[in-house]
There are 2 protein chains.
Amino acid sequence: MTSPTTTSLELSQSFRQQIDAALERFVVFDSDCPSTLREAIAYSLLAPGKRLRPQLVLMANQVCGGDIEAALPAAVAVEMIHAYSLVHDDLPAMDDDDLRRGRPTCHNKFDEATAILVGDALQARAFEVLATEVSPPAVAARCCAELAAAAGASALVGGQADDLSSQFFQARDEQHAVEQLELIHRRKTGALFRVSLRLGAIIAGAGEDQLAALDAYGENLGLAFQVTDDLLDVAGSENNVGKRLGKDNERGKTTYPAVLGIDNSRQRAADLIVGACEAIESFGEAAAPLRDLARFVGRRNK
Amino acid sequence: MTSPTTTSLELSQSFRQQIDAALERFVVFDSDCPSTLREAIAYSLLAPGKRLRPQLVLMANQVCGGDIEAALPAAVAVEMIHAYSLVHDDLPAMDDDDLRRGRPTCHNKFDEATAILVGDALQARAFEVLATEVSPPAVAARCCAELAAAAGASALVGGQADDLSSQFFQARDEQHAVEQLELIHRRKTGALFRVSLRLGAIIAGAGEDQLAALDAYGENLGLAFQVTDDLLDVAGSENNVGKRLGKDNERGKTTYPAVLGIDNSRQRAADLIVGACEAIESFGEAAAPLRDLARFVGRRNK
């Protein structure tokens with residue numbers, strides 16, 4: 001694999017700055033929002049992070065010839081859904097995590113009730129930002145529909161439900177175990193990756209062919225991300241990852257390394273990254289930032 | 001006060017049937033939704049209930065000359081938001097309730113993680129139903145924006161956050177205590193009542209005058225509902241109410257009876273009902289169902 005080009009890195013850096021500024025702009029609530037709740041929402045949404053999903057929104061928007069300013073509300077909306085899902089996943093009744101992005105999780109810093117409400121408020125705010133800031137309104141409605149499906153019981157929430165119960169599943173064999181794992185992660189991670197790309201593209205006025213290519217890229221990227229996440233849990237350092245490691249194993253969760261071993265998991269991640277890059281070949285040079293981002297995801301476990 | 005007319009009762013009955021049928025129709029998830037999650041969502045959404053908020057959607061729609069079929073998705077969406085908020089409010093970290101609508105609460109029947117996910121999924125589904133089933137798309141986007149604001153940190157979620165911390169507030173005097181209480185309930189109950197009416201009216205193509213009248217009706221009705229709810233907690237029977245009573249007092253929550261006493265709370269509810277009915281006088285006879293519903297709310301504490 002080649003290194004990211006300077007241009008593409010600079011582009012990514014500029015995206016990050018625009019995303020962080022937009023998150024600050026849209027997280028503002030009026031005086032009717034109780035102050036502790038507002039503080040906890042900002043703590044969770046503005047926490048340091050890779051902003052992968054909003055970057056996908058902007059990159060897909062650019063590769064389809066869109067206008068970044070018009071896509072920023074969608075970038076903010078997907079990050080709000082992502083942030084809410086992390087806050088709820090970390091709760092004692094779910095993954096019971098104390099540390100997230102190197103800081104105390106929301107329910108640790110504040111309390112459990114506040115963390116539940118932070119997630120609920122962030123989800124509502126995501127749809128509010130989409131519905132009010134994306135134009136024309138017909139595109140806003142389509143974006144709401146796509147994001148709601150990706151955040152719902154058949155995607156993000158369903159994936160988390162299955163992930164929580166995955167310690168109980170008995171696979172017949174390795175092939176079956178990998179299929180079960182990918183079903184979970186296609187929903188838990190893949191759906192939000194995919195919809196991020198779709199929203200950016202839809203706002204740019206993309207056609208069905210472009211959406212299909214981005215779907216395939218997002219599906220591969222989402223799975224690759226999950227494989228490298230599982231690998232980091234067994235092989236990463238807590239300082240690098242920003243959360244406590246080895247918990248998957250303690251919980252008896254089914255992971256890629258547990259099913260395939262570490263070497264084969266690394267190979268699987270590499271194959272998925274290649275698949276992601278191939279899916280967007282038709283965009284040519286314009287897709288360089290998306291390819292670089294895929295390679296960045298692939299390098300997380302090195 | 002006069003009794004509800006037969007016609008209006010029949011209308012309300014017909015609304016209830018259409019609402020229940022629509023809830024069943026829209027709660028369906030595809031096969032990607034894990035089966036326990038699907039079961040828990042249906043358990044929570046289709047639980048017996050008064051369906052007050054969806055009735056408000058349909059009644060506001062009718063009084064503004066709309067078409068019931070077009071308003072049903074919005075009726076379903078507000079009930080989904082309401083049902084999700086009940087599931088989350090009942091959680092151990094929040095109000096810690098065992099009984100809801102006469103049955104075990106969601107986290108009791110299933111488990112805590114499932115209850116958190118049920119709420120999350122219902123919220124997403126509410127926006128999906130609005131965004132995909134309301135037409136034209138510009139109206140769908142406006143409905144999403146209105147519902148998201150009413151469900152968010154400055155309204156529904158903010159009201160619940162303040163309600164949880166209300167046991168700590170020190171009022172200077174009775175007047176101040178009532179103001180604080182009404183601030184909480186304007187958000188916690190009033191916002192969803194108000195947006196229910198607004199969605200029905202917007203889908204019917206209502207003008208600003210009509211929306212303003214319905215806003216005032218909804219604000220009064222929401223507060224009246226909360227006063228009677230507080231009264232039921234001290235004076236109702238568990239069989240009638242379907243949940244364990246006296247919990248407000250145990251928790252030291254500020255309630256209308258605690259601040260105003262029982263008789264003055266009853267008077268406050270009656271005044272609010274009168275205020276609600278007066279707000280919609282301009283609709284004339286067409287507003288009979290809304291007036292009857294307000295009187296029904298007023299009679300809850302008798």
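The values are calculated or read from the model by the stated rules, or taken from the named source; none is laboratory data. Just so it is clear, the structure is predicted and the values come from calculations on it, not from any experiment. Cβ: placed from backbone, ideal geometry, glycine included. Neighbour counts: every protein chain shown. Accessible surface is based on the protein model in full, side chains and every heavy atom, while ligands, DNA and RNA are left aside. Shrake-Rupley method; radii C 1.70, N 1.55, O 1.52, S 1.80 Å.
Within the range B:27-43, restricting attention to residues that are under 16 Å from B:E79 (Cα atoms) and within 12 Å of chain A (Cβ to nearest Cβ), which residue is most open to solvent (accessible area, probe 1.4 Å)?
Residue satisfying both the conditions and the ranking: B:V28.
Could you look through the range A:44-58, keep only residues that are assigned to a loop (DSSP other than H, G, I, E, B) and open to solvent by less than 60 Å² (accessible area, probe 1.4 Å), and pick out the one that is modelled with the lowest pLDDT?
Top of the filtered list is A:G49.
Inside the range B:238-302, counting only helices (runs of 4 or more DSSP H) that do not spill past its ends, which hold 3 or more residues that are more than 28 Å from B:R100 (Cβ to Cβ) and at pLDDT 95 or above?
Per the criteria, B:262-279.
Among the listed residues B:D120, B:D111, B:D89, which satisfies the condition of being closer than 19 Å to B:F26 by Cα and at pLDDT 95 or above?
Only one candidate qualifies: B:D120.
Among the numbered criteria (1) in a helix (DSSP H, G or I); (2) surrounded by fewer than 24 Cβ atoms within 10 Å (Cβ to Cβ), which one does B:G205 miss?
Here B:G205 meets the rest and fails (1).
Could you tell me which of the residues A:L23, A:L11 is at pLDDT below 95, part of a helix (DSSP H, G or I) and away from chain B (no Cβ under 11 Å)?
Matching residue, one of A:L23, A:L11: A:L11.
Quick check on this structure: which one of B:D209, B:D173 is touching a residue at least 24 places away in the same chain (Cβ under 8 Å), on the phi < 0 side of the Ramachandran plot, out of contact with any Asp or Glu (no Cβ under 8 Å at 6 or more places or on another chain) and more than 14 Å from chain A (Cβ to nearest Cβ)?
One residue alone meets the criteria, B:D209.
Run down B:L86, B:L122, B:L117, B:L183 and say which single residue is crowded, with 24+ Cβ neighbours inside 10 Å and either more than 9 Å from every other protein chain (Cβ to nearest Cβ) or under 18 Å from the mean Cα position of the chain (by Cα) (or both).
Checking each option against the conditions leaves just B:L122.
Going residue by residue through the range B:65-80, is there one that turns out to be at pLDDT 95 or above, at the interface with another protein chain (Cβ under 8 Å from one of its Cβ atoms) and within 18 Å of the chain's Cα centre (by Cα)?
Within the range B:65-80, not a single residue is at pLDDT 95 or above, at the interface with another protein chain (Cβ under 8 Å from one of its Cβ atoms) and within 18 Å of the chain's Cα centre (by Cα).
Would you check if A:D20 is surrounded by fewer than 17 Cβ atoms within 10 Å (Cβ to Cβ), touching a residue at least 24 places away in the same chain (Cβ under 8 Å) and more than 19 Å from the chain's Cα centre (by Cα)?
Taking the combined requirement at face value, the residue does not satisfy it.
Conditions first: (1) among the small types (G, A, S); (2) more than 9 Å from chain B (Cβ to nearest Cβ); (3) over 30 Å from B:T36 (Cα atoms). A:A131 passes all but one, so which condition is the exception?
Of (1) among the small types (G, A, S); (2) more than 9 Å from chain B (Cβ to nearest Cβ); (3) over 30 Å from B:T36 (Cα atoms), only one is false for A:A131: (2).
Quick check, is B:D162 of a type outside the set (V, I, T), facing chain A (nearest Cβ under 7 Å), in contact (Cβ under 8 Å) with a residue 24 or more places away in the chain and open to solvent by 10 Å² or more (accessible area, probe 1.4 Å)?
yes
I need the full set of residues from the range A:115-135 which are of a type in the set (D, E, K, R) and touching a residue at least 40 places away in the same chain (Cβ under 8 Å), in order please.
Hits for the range A:115-135 are A:R125, A:E133.
Under 9 Å between Cβ atoms, at least 6 apart or on separate chains: pull out the pairs that start in the range B:90-114 with a residue that is within 11 Å of chain A (Cβ to nearest Cβ) and end on any residue that is aromatic (F, W, Y).
Qualifying pairs under 9 Å: B:F110/B:Y43.
Can you name every residue in the range A:136-153 that is within 7 Å of chain B (Cβ to nearest Cβ) and either free of Cβ contacts under 8 Å to residues at least 24 places away in the same chain or surrounded by 24 or more Cβ atoms within 10 Å (Cβ to Cβ) (or both)?
Answer for the range A:136-153, where residues must be within 7 Å of chain B (Cβ to nearest Cβ) and either free of Cβ contacts under 8 Å to residues at least 24 places away in the same chain or surrounded by 24 or more Cβ atoms within 10 Å (Cβ to Cβ) (or both): A:P137, A:A138, A:A140, A:A141, A:C144, A:A145, A:A148, A:A151, A:G152, A:A153.
For the range B:59-107: of the residues being part of a helix (DSSP H, G or I) and in contact with a Gly (Cβ under 6 Å, 6 or more places away or on another chain), which is nearest to B:Y217 (Cα to Cα)?
So the residue we want is B:A60.
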